[in-house]
1. I'd like the full set of residues that are farther than 20 Å from Gly75 by Cβ and either outside the structural domain of Ile21 (by TED's automatic domain parsing) or not aliphatic (A, V, I, L, M) (or both), limited to region 86-122.
2. Just one of Gly74, Gly86 is touching a residue at least 60 places away in the same chain (Cβ under 8 Å) and under 27 Å from Asn115 (Cα atoms); which is it?
3. Does region 208-248 hold any residues that are of a type outside the set (S, T, N, Q) and modelled with pLDDT under 85, and which are they?
4. Give the residues of region 124-145 that are in a loop (DSSP other than H, G, I, E, B) and not charged (D, E, K, R), sorted by residue number.
5. Name every residue in region 93-123 that is β-branched (Val, Ile, Thr) and in a helix (DSSP H, G or I), in order of residue number.
6. Residue by residue through region 185-226, note down the ones that are outside any strand (DSSP E or B), small (Gly, Ala, Ser) and in contact (Cβ under 8 Å) with a residue 40 or more places away in the chain.
7. Step by step: first the residues of region 142-159, then only those that are under 16 Å from Leu233 (Cβ atoms) and in contact with a strand residue (DSSP E or B) (Cβ under 9 Å, 6 or more places away or on another chain), then the one that is surrounded by the fewest Cβ atoms within 10 Å (Cβ to Cβ). Which residue is that?
8. Of everything in region 113-145, what is among the small types (Gly, Ala, Ser) and out of contact with any Ser or Thr (no Cβ under 6 Å at 6 or more places or on another chain)? Give them in sequence order.
Amino acid sequence: MGDDSHNDENFRRGAAVLASISPEGAQPPWVTFADVAPLLGRQTGYAFGTIMARPGLDLRTRELATVAMLTVLGGCDAQVAYHVGGALRAGATGPEVVEVLTQASVYAGIPRALNAAAAARKTFADLGVDPTVAAPRAVVVDFLAAVAQRDWTKAAGFLSETVTWVAVGRRVPWAGTWKGPEGVARFRETLLGGTVIEEVTVTEPVASGAVVLVRGAFAHRFQDVSYTGRFVLEFGVSGSLIDRVEVHGDELGSPVTSRIDSTVFTIEERK
C-alpha cells in the first residue's frame, strides 16, 4: 500500500466520514502519524470507509457504540474524548452520551466508566455542552411523542411555567395567545371542543440553536366541513423546557376530503 492509497474510493469515503466528526482544523491520523506510523494512520481512513460509512446504522449510533466499546476496553481516554465529540457532532446529545457511559459501567466496571466520564467531561466543556440538559431538538421530539400518545400530563412536563402558545387566526375559537401550561391546556380543550381532528402528521424536527421547526399537515372537521392543510410549528426551547410555540399556516385549511399521508408522528383524535 503506497501513497496512491489517497486516491482509493474507500479511503476517500472514510476520510470524509472522519472529517465530519472531527474538530474543525483537526489533522487526520495519516497526517499526524506520517513520521512514525504512516501505514497505521492510513488504516484509520480505510476502517472508516469500510465500517463507519456502511448504511446499516447511522453515524450517530455508530459513534455512541464506539464510545461504549472504548469505555469497556479501558485505557482509551484520548479516544473516548474524541469519539464523544464525534457523537455530538453526529447528532447525539450530552444526556445520551452520559446514558451510554452509565450503561457501560455494568459491563466495564465503575472505575473504567468514571475514567471515560472524566474524558467526556473535558469534551463537553470544550464544546460548551451541558450533559445534564437535553438538546432543543430532543426536547421537541419527546414533547411530540407525548402528544402522539395523547399523554397530556407528560406533554405538559416539557412546557415552562411561562410558556406562550401563539395560534394565528380570526375565524376559529382557538386562535390567540395562550400563556402558561394552563393556557396551553385551555387551547387544546378549545380546539378539541369544537373540532374533530381526523389526522395530524409532522415531519422530523429541524433545530437551529434554541429554535426548532416542525412541518406538518392536518385533516379535521370544523362546523361540519372537512378541511386539510399544512402548517409549521416554531418551538423556542430554553434549558430543557419549551417556552414558546408559534403555529404558522392556514387556520382552517382547504375544504377538501382527501386524507394526509402519515410521516413520523401521527396524532389522532376522533369523536
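1. To start, the set of residues in region 86-122 that are farther than 20 Å from Gly75 by Cβ comprises 88-96, 98-99.
Of everything in region 86-122, those that are farther than 20 Å from Gly75 by Cβ and either outside the structural domain of Ile21 (by TED's automatic domain parsing) or not aliphatic (A, V, I, L, M) (or both) turn out to be Arg89, Gly91, Thr93, Gly94, Pro95, Glu96, Glu99.
2. Working: Gly74 fails: touching a residue at least 60 places away in the same chain (Cβ under 8 Å).
Result of the check over Gly74, Gly86: Gly86.
3. Of the residues in region 208-248, the ones of a type outside the set (S, T, N, Q) are 209-222, 224-225, 227, 229-237, 239, 241-248.
Of everything in region 208-248, those that are of a type outside the set (S, T, N, Q) and modelled with pLDDT under 85 turn out to be Gly209, His220, Arg221, Phe222, Asp224, Val225, Tyr227, Gly229, Gly239.
4. Filtering region 124-145 down to residues in a loop (DSSP other than H, G, I, E, B) leaves 128-135.
Within region 124-145, Gly128, Val129, Pro131, Thr132, Val133, Ala134, Ala135 qualify.
5. Step one: of region 93-123, the residues β-branched (Val, Ile, Thr) are 93, 97-98, 100, 102, 106, 110, 123.
If the condition is that a residue be β-branched (Val, Ile, Thr) and in a helix (DSSP H, G or I), then Val97, Val98, Val100, Thr102, Val106, Ile110, Thr123 are the ones that fit.
6. Of region 185-226, the ones outside any strand (DSSP E or B) are 185-194, 203-205, 209-210, 223-224.
When the remaining residues are screened for being small (Gly, Ala, Ser), the result is 185, 193-194, 209-210.
Those that are outside any strand (DSSP E or B), small (Gly, Ala, Ser) and in contact (Cβ under 8 Å) with a residue 40 or more places away in the chain: Gly209, Ala210.
7. Step one: filter region 142-159 for residues under 16 Å from Leu233 (Cβ atoms), giving 142-148, 155, 158-159.
Of the ones still in play, those that are also in contact with a strand residue (DSSP E or B) (Cβ under 9 Å, 6 or more places away or on another chain) are 143-145, 147-148, 158-159.
Numbers: Phe143: 24, Leu144: 23, Ala145: 15, Val147: 18, Ala148: 17, Phe158: 22, Leu159: 22.
My answer is Ala145.
8. Of region 113-145, the ones among the small types (Gly, Ala, Ser) are 113, 116-120, 125, 128, 134-135, 138, 145.
Ala117, Ala118, Ala119, Ala120, Ala125, Gly128, Ala145, listed by residue number.
The values are calculated or read from the model by the stated rules, or taken from the named source; none is laboratory data. From a predicted model like this one, the values you see are computed outputs, not experimental measurements. Virtual Cβ from ideal backbone geometry, glycine too; neighbours counted across all protein chains shown.
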